[in-house]
1. Let's test the formula: R0 of 25 Å, r as the Cβ-Cβ distance of residue 133 and residue 21. What FRET efficiency results, to the nearest 0.05?
2. Give me the dipole magnitude in Debye, nearest 20, for region 10-188 about the Cα centre, with unit charges on the beta carbon: positive for Lys and Arg, negative for Asp and Glu.
3. Report the calculated FRET efficiency for residue 111 and residue 41 (r = Cβ-Cβ distance, R0 = 35 Å), to the nearest 0.05.
4. Considering only protein heavy atoms, what per residue accessible area in square angstrom results for region 10-188 with a 1.4 angstrom probe?
5. Have a look at 26, 188, 101 and report the one farthest towards the positive end of the charge dipole of region 10-188, computed about the Cα centre with Cβ charges (Lys/Arg +1, Asp/Glu -1).
6. Hey, with R₀ at 30 Å, roughly what FRET efficiency would residue 58 and residue 103 work out to, going by the Cβ-Cβ distance, to 0.05?
7. Distance between Cα centroids, region 76-117 to region 138-165: provide it in whole Å.
8. May I ask you to list the trypsin sites (Lys or Arg not before Pro) in region 1-85 that are in a DSSP loop and have at most 14 other Cβ atoms within 10 Å of their Cβ?
Amino acid sequence: MEIQTFPNEIVFFDLETNVPNKTGQHFHILEFGAIIVCPRKLEELESFTTLIQPKDLSVASLRSSRLDGITRAKVTDAPSFEDVAEKIYGLLNGRIWAGHNIIRFDCVRIKEAFAEIGKAAPEPSGIIDSLGLLSDKFGKRAGNMKMASLAAYFGLGVQKHRSLDDVRMNLEVLKHCATVLFLESTLPNQLEGKWQSSSKIRTRSRSHRQIAQKAMPYTKGSSLGKMAQNVKNILNKAQGIQTLQSLIRHSHSLLR
């Protein structure tokens, strides 16, 4: 049977796993979540998520420090990875893979999980790792570049550390970062560095348990559309530049 592939579609995916706390203990997938995204409109076309029961239930925590965290009770009656492997393969194989820190973590765990059940792992047509991409293109303006920090920077809420929620947050973070980079590229002398000083949020340092202030790109509660409209007004008043519509047609090159 011919395996269908979708080389131009992007699948954002995320894994939740146990945290090994014993010598020789491995990572076990406890949840898989993915959304398929149209690359032209960045619209979500399909989604899938499932909890996964590890072979050794003891690797799953009895309790979770997070409000909706994954516990042993939640995965006890979940399907095994082998039960959902065909679905996961169909979602991933032949598509562009996207996610945050997926090259070093999620891609490795997927290959390990398929090897464990003796099946061929899915292969991507390309990989977009937003951790490396944004570290290079967006810099350290959002702090440590973890998804939680990026989401806080843009006022997108608290990261839930649940697979489907996290991939949707990942897509929104990329949209926001791309918009800021696009706007900065139009009038670099006027806009670069301006977003950081517009407002502040407060975050807690784990190591020192202190409250620290982080810069926000725009006031909390305002939308990205309002920010874009403000800059559109600036562009319309600017002298000797292309029209906004002309610039938008070339915005796809920003994150290449």
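1. Approximately 0.20, to the nearest 0.05.
2. 480 debye
3. 0.70
4. Details: 8550 Å² over 179 residues.
Roughly 48 Å² per residue, with all protein chains present.
5. Value: 188.
6. 0.55
7. 23 Å
8. The qualifying sites are 22, 40, 41, 55, 63, 66.
The values are calculated or read from the model by the stated rules, or taken from the named source; none is laboratory data. Because the structure is a prediction, the values reported are computed rather than measured. Quick reminder, even Gly has a Cβ in these numbers, built from the backbone with ideal geometry, and neighbours come from all protein chains shown. Quick note on the areas: whole protein, heavy atoms, side chains included, nothing else; ligands and nucleic acids left out. Shrake-Rupley method; radii C 1.70, N 1.55, O 1.52, S 1.80 Å.
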